[in-house]
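Q: Here it is, the structure in full.
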Amino acid sequence: MTASSLLSIGDLGADGIDEVMTLTDSFVEVSQRAMPKVPALRGRTVVSLFYEDSTRTRLSFEAAARRLSADTMNFSVSTSSVHKGESLRDTALTIEAMGVDALVVRHPSAGAPAQVASWVSCPVVNAGDGWHEHPTQALLDCYTIRSARPSLAGLRIAIVGDIKHSRVARSNVTAFTLMGAEVTLVAPPTLLPPSLAGWPVEVSTDLDAVLPKVDVVYLLRIQAERQAEALLPSLREYTAGYGLTERRAELLADDALVMHPGPMNRGVEIAAAVADLPCSLVTRQVANGVAVRMAVLFLLLGAEPRG
Ligand code: CP
């Protein structure tokens, strides 16, 4: 990884994604030790600057930093001076002035992590910005598929659901296609972006027809907080047309894989029983997220001690 920040999965290219995957193998091994810790980032400080809720991304970045022996600091909007009107720029500069080595930023506005990166001198990792990008999710998903299949090249992957509001869909389409997979988006027309010009994908509204042909079905959460529900007649009708129900899961090939970035709406986009099938990689995605984020932090911080 040559960039000083990770803002977009496309910036890495196929070679950069491969580099993260290779390094992740060694951090998976570290994570499986009785004492899952190495001194690689001792003396460094990683700060989570999250303006939006998160369970997986925030905790796994913290776990990743600690397993690399970095110190961590956690910024919570609800108890911060943001409520006194402090701007994103002043908040970022204030935290940087405390002597931090990396900022992990989640924000509801597309481009906010890139803005932060333009204001501070330390590396910034985009941990999800609005509908725009979630590059470390794409990395952990590529790694998870690669750990279950020899390669992503030639795999057929369906991404199903709320594409319009999904930063995961945007980053994953880029990552999967860079790695040689063929991607089909499946969604009701109201949950597709207004234009798909430049997206290297097929599009379908017929999930039953797509499922038997795919190696991986990747389900997206219906994002009620981004007004997705207003674009649907009802959640029940969404599930009837686009949910991976137990009946639909039987249409999948015997060796097909089921993925979801979490948090899942069990009973909406995925049946509770399907989420727990052996072919569901949901918990493996979460476990791999820690090792992938160790690789990202190490590549951004490992080589250059703070002067
Ligand atoms: N997949 C994901 O980003 O989950 P969180 O919102 O819990 O971080």
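Q: Kirkwood hydrodynamic radius of segment 248-303 from all distinct Cα pairs, in Å?
A: Answer for segment 248-303: a Kirkwood hydrodynamic radius of 13.1 Å.
Q: Mind checking the full-extension length gain between S109 and S76? Use 0.36 nm per residue of separation minus the Cα-Cα distance, one decimal, nm. All intermediate terms of the calculation are to be shown ahead of the outcome.
A: Values: separation 33, 0.36 × 33 = 11.88 nm, distance 1.68 nm.
Extending this stretch completely gives an extra 10.2 nm.
Q: Can you tell which of D11, D215, D101 shows the greatest fluctuation in a Gaussian network model of the chain with Cα springs below 10 Å?
A: D11
Q: Any idea how far apart D53 and M264 come out in nm if each label point goes 7 Å out from Cα toward Cβ?
A: Going by the 7 Å Cα→Cβ label model, 1.8 nm.
Q: Another question, then. Taking the C-alpha atoms of segment 166-206, how large are the radius of gyration and the largest Cα-Cα span, Dmax, in Å?
A: 10.0, 29
Q: As an exercise, use a Förster radius of 30 Å and the Cβ-Cβ distance of R33 and S151 to find the FRET efficiency, rounded to the nearest 0.05.
A: The calculated FRET efficiency here is 0.65.
Q: Additional query: Could you put T94, T57, T184 in order of accessible surface area, largest first, with the 1.4 Å probe and the full protein assembly present?
A: Listed by decreasing accessible area, they come as T94, T184, T57.
Q: Shifting gears a bit: Could you sort the peptides 217-227, 263-273, 158-168, 242-252 by per-residue average Cβ neighbour count (10 Å cutoff), highest mean leading?
A: 158-168, 217-227, 242-252, 263-273
Q: Give me P(r) over segment 135-281, computed from all C-alpha to C-alpha distances, binned every 5 Å, as integer percentages.
A: With a bin width of 5 Å, the distribution comes to 2, 10, 22, 25, 23, 14, 5, 1, 0.
Q: Over segment 135-281, what is the relative contact order in whole percent, taking alpha-carbon pairs under 8 Å and six or more residues apart?
A: This gives 24 percent for segment 135-281.
Q: When only Cα pairs under 8 Å and 6 or more residues apart are kept, what is the percent relative contact order across the chain?
A: So the answer I get is 20 percent.
Q: Among P150, A230, P263, which residue has its Cα positioned farthest towards the positive end of the charge dipole of the chain, with +1 placed on the Cβ of Lys and Arg, -1 on the Cβ of Asp and Glu, and the dipole taken about the Cα centre?
A: Checked the options; the winner is P263.
Q: Counting only Cα atoms, I'd like the Rg/Rh figure for the chain, Kirkwood definition for Rh.
A: 0.97
Q: Further question: What per residue convex hull volume, in Å³, comes out for segment 18-59 when only alpha-carbon positions are used?
A: 117
Q: Let's test the formula: R0 of 22 Å, r as the Cβ-Cβ distance of L196 and Q227. What FRET efficiency results, to the nearest 0.05?
A: 0.65
Q: Here is a follow-up. May I ask you to rank K213, K37 by accessible area, largest first, using a 1.4 Å probe over the protein chains only?
A: In descending accessible area the options line up as K213, K37.
Q: Another question, then. Which residue, chosen from M179, V210, P135, occupies the Cα position most advanced towards the positive end of the dipole of segment 135-281, where the dipole is computed from +1 (Lys, Arg) and -1 (Asp, Glu) charges on Cβ about the Cα centre?
A: With unit charges placed on the Cβ atoms, the residue in question is P135.
Q: With a 1.4 Å probe and all protein chains kept in place, how do L192, L68 rank by accessible area, largest first?
A: Order by accessible area, largest first: L192, L68.
Q: Given N residues in segment 1-112, what is its alpha carbon radius of gyration divided by 2.2 N^0.38 Å?
A: Values: Rg = 15.5 Å, N = 112, 2.2 N^0.38 = 13.2 Å.
In units of the 2.2 N^0.38 Å rule of thumb, it is 1.17.
Q: Quick one: give the max-minus-min coordinate of the C-alpha atoms of segment 96-165 along each principal axis, largest first, in Å.
A: 46, 27, 14
Q: Rounded to the nearest 5, what % of the DSSP beta bridges within the chain are antiparallel ones?
A: Among the beta bridges of the chain, antiparallel pairing accounts for roughly 5 percent.
The values are calculated or read from the model by the stated rules, or taken from the named source; none is laboratory data. Being a predicted model, the structure only gives us computed values, none of them experimental. So basically every Cβ, Gly included, is an ideal-geometry build from the backbone, and we count neighbours across all protein chains shown. Surface areas here come from the heavy atoms of the whole protein model, side chains and all, with no ligands, DNA or RNA. Shrake-Rupley method; radii C 1.70, N 1.55, O 1.52, S 1.80 Å.
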